[in-house]
Amino acid sequence: MATEVYLVRHGETMFNQLNKVQGWCDSPLTVKGINDLKRTANALSQVHFDNMYSSDLKRAIDTVHLMKDANVVSDIGKIRKLPEFREVFFGTFEGDDINQTWDQVAMAAGIGHEDDVAKIINKVGLDKFREATKKADPRHLAENTQELDKRMIRGINVLRDLTKDEQRVLLVSHGDFIKTLTIKYWKDSDGIHDIVFPNNGSVTRGILHDDGKFEIVDYNIDAEKL
């Protein structure tokens with residue numbers, strides 16, 4: 001039995017608002033973040049889910065409970081937390097100013113000063129961007145492509161085992177993780193290297209097939225279009 005997976009990005013957080021790097025570090029949802037999530041939760045309130053899952057970071061946990069509380073057609077028990085679906089880890093840069101961080105990453109990538117992450121990725125590609133982030137990190141703890149890819153594959157395998165008897169589930173995760181997962185598993189992937197960053201509270205839909213194959217079929221859908 002194939003399982004339909006609704007990947008929801010958590011709501012806006014304080015670090016999002018303050019323009020700080022936020023991977024494994026955490027900060028609370030803002031009022032705007034909660035209000036945006038209520039729109040997503042309302043749009044999904046009549047969609048039946050066999051289960052709901054979440055990254056183990058608090059901003060994701062708070063988000064999934066908003067989805068659960070608003071849903072009137074699903075009987076969801078205890079939320080299972082999946083650390084495999086955490087955000088990308090940025091090592092020593094966690095909590096730092098985003099623009100200053102990306103400027104250091106750009107220097108490590110050999111392209112001079114640049115504080116716009118989209119422009120850096122456009123110039124060097126996502127893989128080299130990850131390697132440059134690890135290189136620029138003074139303690140070299142940031143996840144590179146290989147480490148992140150291994151975690152994503154492990155996450156899909158864990159999800160496959162958990163959902164083998166479930167037809168539709170909701171899973172709250174994070175922007176960079178969902179974006180990278182989409183690049184890897186987009187159904188019509190033809191060597192795509194980058195896509196727009198998903199909005200807070202947006203929905204990305206995937207299908208986990210009986211044979212374990214995973215594919216993304218819809219990406220970054222906002223509440224009003226659900």
Inset, instruction - Determine which single condition Gly95 fails, assuming it passes every other condition in (1) under 16 Å from Asn199 (Cα atoms); (2) touching a Cys at 6+ places or on another chain (Cβ under 8 Å); (3) not acidic (Asp, Glu). - result: (1)
Inset, instruction - Scan (1) out of contact with any His (no Cβ under 6 Å at 6 or more places or on another chain); (2) buried (at least 19 other Cβ atoms within 10 Å of the Cβ) for the single condition Gln167 breaks and write down its number. - result: (2)
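Yes or no, residue by residue, for (1) of a type in the set (D, E, K, R); (2) touching a strand residue (DSSP E or B) at 6+ places or on another chain (Cβ under 8 Å):
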{"site": "Lys135", "(1), (2)": "yes, no"}
{"site": "Ile153", "(1), (2)": "no, no"}
{"site": "Asp161", "(1), (2)": "yes, no"}
{"site": "Arg168", "(1), (2)": "yes, yes"}
{"site": "Gly175", "(1), (2)": "no, yes"}
{"site": "Thr182", "(1), (2)": "no, yes"}
{"site": "Lys187", "(1), (2)": "yes, yes"}
{"site": "Gly201", "(1), (2)": "no, yes"}
Legend entry - Residues of the range 26-59 satisfying the condition of being under 16 Å from Leu82 (Cα atoms), under 16 Å from the mean Cα position of the chain (by Cα) and not small (Gly, Ala, Ser): Asp26, Met52, Tyr53, Asp56, Leu57, Lys58, Arg59
Legend entry - Among residues of the range 205-226, those that are free of Cβ contacts under 8 Å to residues at least 12 places away in the same chain and acidic (Asp, Glu), counted: 1
Inset, instruction - Answer yes if at least one residue in the range 152-172 is over 23 Å from Val5 (Cβ atoms) and among the aliphatic types (A, V, I, L, M), and no otherwise. - result: no
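Any read-out appearing in this document is the output of simple, stated calculations on the displayed coordinates, not a laboratory observation. Fair warning: this is a prediction, and the values are worked out from it, not measured in the lab. We place every Cβ from the backbone using ideal geometry, glycine too, and count neighbours over all the protein chains shown.
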